[in-house]
Amino acid sequence: YEINDTGIVLTPIISNCGSLPLSWYRCGVIKFSPDGRKMAAACNNDDSQIGGLELYDFDYHTGKLSNAIVLDSNHTDKYYYGACFSPNNTKLYATTSSYGGITTTYPGKVRQFDVSLSSSAAIIGSNTLLYTDTSVQTGNMGDLKRGIDGKIYIGNNNISSAGEHMHLISSPNIAGTGCNFI
């Protein structure tokens, strides 16, 4: 629904695009790039511990989504939850949340995708693992938030002797490990 200076427009804009199963959109976030031209959906079905990360073009004049690209999906450790774009709109960061199976606990991870590349295959191929949480506690990696300082902050609810803590991407416009994940 469009929200403008006169209020909420009651006629919805519906976009039929995307490839992930509807049941996967049970948990996770939707985030827009700072320029409003891209949208990312980090999603998962927490009952079956599967999920994915999808990227869309967004036309902020019409409200339409298009050109969906599944960046990653349907693997045991791809329980996507959080997402955030870099300040210059070129990188997408995403977290997979830790969770426990019957005999195995899967660690949370932080990944980076270069969404400025010219093809879907190149964007998917840019998937760079920045961090793996070595804790065995479930639900560790939370959402990502861009601060007013341009850095990206990631919550981690790992309750341990060290207490809860945050992670930081101090140079989020830089590709790969040069983004300085702390």
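With a 1.4 Å probe and all protein chains kept in place, how much accessible area does Lys64 have, in Å² rounded to the nearest 10?
Here the residue's solvent-accessible area equals roughly 90 Å².
Nearest 0.05, what FRET efficiency do Leu168 and Thr6 give at R0 = 41 Å with Cβ-Cβ as r?
On the way: r = 40 Å, r/R0 = 0.99.
Efficiency, from the Cβ-Cβ distance: 0.50.
Take Ile13 and Thr134, extend 7 Å from each Cα along the Cα→Cβ direction, and tell me the distance between the two endpoints in nm.
4.7
The values are calculated or read from the model by the stated rules, or taken from the named source; none is laboratory data. Remember, predicted model here, so these are calculated numbers, not experimental data. Note that we place each Cβ from the backbone using ideal geometry, even for glycine, and neighbour counts take in every protein chain shown. All accessible areas refer to the heavy atoms of the entire protein, side chains included, with ligands and DNA or RNA removed. Shrake-Rupley method; radii C 1.70, N 1.55, O 1.52, S 1.80 Å.
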